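Okay, structure first, notes after.
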Amino acid sequence: MPRTLEGQITMEKTPSYFVTKEAPARISSMSKGTKLIVVVRDPVTRAISDYTQTLSKKPDIPTFESLTFKNRTTGLIDTSWSAIQIGIYAKHLENWLLYFPIGQILFVSGERLINGPS
């Protein structure tokens, strides 16, 4: 990342940062005063989007339903599937709160960002 000069703001955007366990410590070590913007989506919509992107590249993957449920009858969700893991925002936030106070984190609705970005 380039150095930020006086009067400049540097932004970095990578979706995987929020779910990467090592990211908060690394970012905190660079700058404890970093302000974070986290764009979140409805976890179900996010998982479906993840699935359809994968499906477009690998048409032979199992069905969404078979990946999502451990037991369809009881409705037990398979939280080990990465598309579900990513949407468990509270789990990832706990890790970030070890390094940054909640006041330095702004949460933005992905749906609102798409429908009315202003």
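The values are calculated or read from the model by the stated rules, or taken from the named source; none is laboratory data. Predicted, not measured: the structure shown is a model, and the values here were computed from it. We place every Cβ from the backbone using ideal geometry, glycine too, and count neighbours over all the protein chains shown. These area figures cover heavy atoms from the full protein model, side chains too; ligands, DNA and RNA do not enter into them. Shrake-Rupley method; radii C 1.70, N 1.55, O 1.52, S 1.80 Å.
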> What ranking of ARG26, ARG112, ARG72 comes out by heavy-atom accessible area, probe 1.4 Å, highest first?
Replying inline: ARG112, ARG26, ARG72
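If a/c stays under 1.5 just call it rounded; otherwise compare a/b with b/c (prolate if a/b is bigger, oblate if not). Do that for the chain, with a ≥ b ≥ c from the square roots of the Cα gyration tensor eigenvalues. Each step should come with its number before you reach the end.
Working: a/c = 2.29, a/b = 1.91, b/c = 1.20.
Prolate.
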> Going from most exposed to least, what order do LYS21, LYS35 have by accessible area with a 1.4 Å probe?
Replying inline: LYS35, LYS21
> Can you tell me the accessible area per residue over the chain, all protein chains present, probe 1.4 angstrom, in square angstrom?
Replying inline: 75
>> Quick check: the distance between the Cα centres of region 61-118 and region 1-49, to the nearest angstrom?
In response: 16
>> Just to be sure I understand the model, the point goes 7 Å from the Cα along the line to the Cβ. What's the resulting LEU106 to ALA90 distance in nm?
In response: 2.6
>> Projecting each Cα onto the charge dipole of region 12-77 (Lys/Arg +1, Asp/Glu -1 at the beta carbon, about the Cα centre), which of THR73, ALA23, THR45 comes out farthest on the positive side?
In response: ALA23
> Between the helical axis of 43-57 and the dominant principal axis of the chain, each derived from Cα atoms, what acute angle in degrees is found, rounded to the nearest 10?
Replying inline: 70
> Which value in nm describes the separation of the simple spin-label points at ASN115 and LEU36, placed 7 Å from the Cα toward the beta carbon?
Replying inline: 2.7
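How big is the C-alpha Rg of region 42-105 next to the rule-of-thumb value 2.2 N^0.38 Å, as a ratio? List each step's numbers first, then the result.
Numbers: Rg = 14.6 Å, N = 64, 2.2 N^0.38 = 10.7 Å.
With N residues counted in region 42-105, Rg over 2.2 N^0.38 Å equals 1.37.
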